[in-house]
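Colleague: Below is one structure. I have some questions about it.
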Amino acid sequence: MGKEFYIIRHGETALNKNGIVQGRGINSDLNDTGREQAAAFYARYKALPFDKIYVSDLKRTHQTVQQFTDAGIPTTQLSGLDELAWGEWEGKSRSDESILVFRDLLEQWTAGGYDAKLMGGESPNEVALRLQEALDEMLSHPEEKLVLVCMHGRAMRLLLCMLSGKPFAEMADFPHQNTTLYRVSMTGDQFTITDFNNTDHLKVEASWTK
């Protein structure tokens, strides 16, 4: 079975811009920049014959691909694509304390501690379980050959590790700017990343505004 996935991160939100922790528990809207990023992505890729769009439960992903949905492309919401939950730290601004807390957590993950999580949050292993459920659902439709997936930075990193066979300790190898694109092709049971952290659509948008 052959498939190609266009996997993108959602556009910018006010919390992204202001360095506030935003995970599964915060359902924020795109800001003006995020809407411009979404429009730029649509302008670049609107001619592609996407068979299906998959989004998370969070509206920032819905808003990012809204123009594709409005154009008539069927869209399905999967909670498995939600961002990792950061628990009690969600909604808090960057501080000396948060820097230390998150640094310690990332060090645990890099050392292979994939069950580590913040109070009230999720671990990489827990997110992987629901990501696998979402992936299984997407793979259960062989008629969908070209698929657009809009999700979230940390969850995207984990999914790309899963697809490429990398351990979660290497999740930092996958940068995730707002509306960045990863293209992943599937042949048989093999996934191959064919486009890495592509933000060319944003460069085109920037040239328009000069």
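Colleague: Taking N as the number of residues in the chain, what is its Cα Rg relative to 2.2 N^0.38 Å? Let's see the in-between values first.
Modeller: Details: Rg = 16.7 Å, N = 210, 2.2 N^0.38 = 16.8 Å.
Dividing the Cα radius of gyration by 2.2 N^0.38 Å gives 0.99.
Colleague: Could you list which residues have their amide H under 5 Å from that of ASP195, counting only those 5 or more apart in sequence or on another chain, with H placed in the peptide plane?
Modeller: ARG183
Colleague: Moving on. How would you order 126-139, 183-196 from highest to lowest mean count of nearby Cβ atoms within 10 Å?
Modeller: Ranked from most to least packed, the peptides come out as 126-139, 183-196.
Colleague: List, in order, the whole-Hz ³J(HN,Hα) value for each residue of the stretch 159-173 obtained from phi through the Karplus relation with A = 6.51, B = -1.76, C = 1.60 and θ = phi - 60°; use x for Gly and Pro.
Modeller: With the stated coefficients, the stretch 159-173 comes to 5, 5, 4, 4, 5, 8, x, 8, x, 4, 4, 9, 4, 5, 5 Hz.
Colleague: So for the stretch 2-208: antiparallel DSSP bridges make up what percent, rounded to the nearest 5?
Modeller: Given both bridge residues lie in the stretch 2-208, the antiparallel proportion sits at roughly 55 percent.
Colleague: Report the full-extension gain for the segment ALA47 to ARG183: residue separation times 0.36 nm, less the Cα-Cα distance, to one decimal in nm.
Modeller: Answer, rounded to one decimal: 47.4 nm.
Colleague: Oh, and also: With θ taken as phi - 60° and the coefficients 6.51, -1.76 and 1.60, list the Karplus ³J(HN,Hα) couplings across the stretch 140-148 in order, rounded to whole Hz; mark glycine and proline as x.
Modeller: Once θ is set to phi - 60°, the couplings for the stretch 140-148 become 7, 10, x, 6, 8, 8, 10, 10, 9 Hz.
Colleague: Still on this model: Just to be sure I follow the rule: in the chain, considering lysines 8 or more places apart or on different chains, how many pairs have Cα atoms under 27 Å apart?
Modeller: 25
Colleague: Choose one of LEU48, ASN16, VAL101: the residue whose Cα lies farthest towards the positive end of the charge dipole of the stretch 1-132 (beta-carbon charges +1 Lys, Arg; -1 Asp, Glu; about the Cα centre).
Modeller: Farthest towards the positive end: LEU48.
Colleague: Follow-up. How big is the charge dipole of the chain about its Cα centre, in debye rounded to the nearest 20, if each Lys and Arg gets +1 on its Cβ and each Asp and Glu gets -1 on its Cβ?
Modeller: Magnitude of the dipole: close to 580 debye.
Colleague: Further, regarding this structure: Per-residue counts of other Cβ atoms within 10 Å, averaged by peptide: what ranking do you get for 86-99, 58-71, 146-159, highest first? Don't skip to the answer; put the middle values down first.
Modeller: Details: 86-99: 14.0, 58-71: 20.0, 146-159: 23.2.
Most protected by this proxy first, the peptides run 146-159, 58-71, 86-99.
Colleague: Also: When you count, for each residue, the other Cβ atoms within 10 Å and take the mean per peptide, how do 37-43, 116-122 rank with the highest first?
Modeller: 37-43, 116-122
Colleague: Under the rule of at least 5 residues apart or a separate chain, name every residue whose amide H is placed under 5 Å from the amide H of LYS92.
Modeller: VAL21
Colleague: Relative contact order for the stretch 2-208 using alpha-carbon pairs under 8 Å, separation at least 6, rounded to a whole percent?
Modeller: Reported relative contact order: 32 percent.
Colleague: Okay, moving on. What residues have an amide H closer than 5 Å to that of ASP57, excluding those fewer than 5 places away on the same chain, when H is modeled at 1.01 Å from N in the peptide plane?
Modeller: Result for ASP57 returns LEU78, LEU81, ASP82.
Colleague: Explain nothing, just compute: Karplus ³J(HN,Hα) = 6.51 cos²θ - 1.76 cosθ + 1.60, θ = phi - 60°, for every residue of the stretch 41-53 in order, whole Hz, x for Gly and Pro.
Modeller: 5, 4, 4, 6, 10, 5, 7, 6, x, 4, 7, 7, 10
Every number in this text was worked out from the coordinates using simple rules, so none of it is lab data. Since the structure is predicted, the reported quantities are computational estimates derived from the model, not experimental observations. For neighbour counting, all protein chains shown are included, and Cβ atoms are generated from backbone atoms with ideal geometry for every residue, glycine included.
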